Structure formats: C-alpha cells, structure tokens
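The values are calculated or read from the model by the stated rules, or taken from the named source; none is laboratory data. Nothing here was measured: the structure is a model prediction, and the numbers come from that model. Neighbour counts are summed over all protein chains in view; Cβ atoms, including those assigned to glycine, are modelled from backbone coordinates with ideal geometry. To get the accessible areas, we keep the full protein, side chains included, count just its heavy atoms, and leave off ligands, DNA and RNA. Shrake-Rupley method; radii C 1.70, N 1.55, O 1.52, S 1.80 Å.
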Amino acid sequence: MSTAPPKPELILNDDPRAALPAVRAVANIMDRAITLPGTRISIGLDALLGLIPGVGDTISSAVGAYIILVAHRLGAPASVLARMVLNQGVDALIGLIPFAGDILDMGWKSNSRNAR
C-alpha cells in the first residue's frame, strides 16, 4: 500500500504550515501566471481581474487577504503583517486607477511579496 503525497490545503486547519504550498501557488497564479511573448514581463490573474471594474479588484484583494491570514496563523510578527497589509493596500489603490492602474499593477506584485 503506497501513500500519496499530501495535497496542499487551501483551507486553514490546525496546522497552517500545510497551506504554504497553496499560498505559493496562489501568489504565482495571481502575479506571474503568464509571461508576455517577447518580453520578460509576467502578469497574473490580479492584473487581468483588475480589468473588471470594481469586482475584479475586490476578488484580488480577497485572495491577498488569504495570504495575510495564513501569515497571521503562522505567527508572523505584527510588523510583518502590517507590511503585508500595506502591500495589499497599495495594490488595491493602484487598481482603482482606470487602465493606468492595470498597467501599474503588473509591476506591483503584492501577492508574491507577501508570500515571501
């Protein structure tokens, strides 16, 4: 009888470390999922969702909040959590600027910063 490797858990359980592989995957999908052809520029769902007025930035912020919640559950110091909230806040503010915010959002990869 072989044992399958554990699957990354998105839902927080008693051991928040089990969510770390999912946090890294979510950050990658949100910030770097697609490399623009002929460039080194990568974008993710965060930039694409930002094109949907109002709803897209709300969804992106909710995903970013998940990463912060995992950090809190892991016992990250208040200073680290404050920096993570600031990163997410800057991302949300940038997203409020029509079109230009979507372009700037490609460079501000808050989910990747927070996952680190």
Can you find a residue in the stretch 86-102 that is within 22 Å of Asp15 (Cα to Cα), at pLDDT 90 or above and either aromatic (Phe, Trp, Tyr) or open to solvent by less than 60 Å² (accessible area, probe 1.4 Å) (or both)? no
Log entry, pairs with first residue in the stretch 30-47 being more than 11 Å from Ser112 (Cα to Cα), second being part of a loop (DSSP other than H, G, I, E, B), beta carbons closer than 6 Å, six or more apart or on different chains, reads Ala33/Gly44; Ile43/Met106; Ala47/Met106
Any hit, the stretch 89-102, residues being in contact with a Leu (Cβ under 9 Å, 6 or more places away or on another chain) and under 25 Å from Ala19 (Cα atoms): no
Please go through the stretch 14-24 and pick out each residue that is surrounded by 14 or more Cβ atoms within 10 Å (Cβ to Cβ) and either farther than 17 Å from Ala76 by Cβ or of a type in the set (Phe, Trp, Tyr) (or both). Pro21
Flag for Gly107 being surrounded by 15 or more Cβ atoms within 10 Å (Cβ to Cβ) and more than 10 Å from the chain's Cα centre (by Cα): no
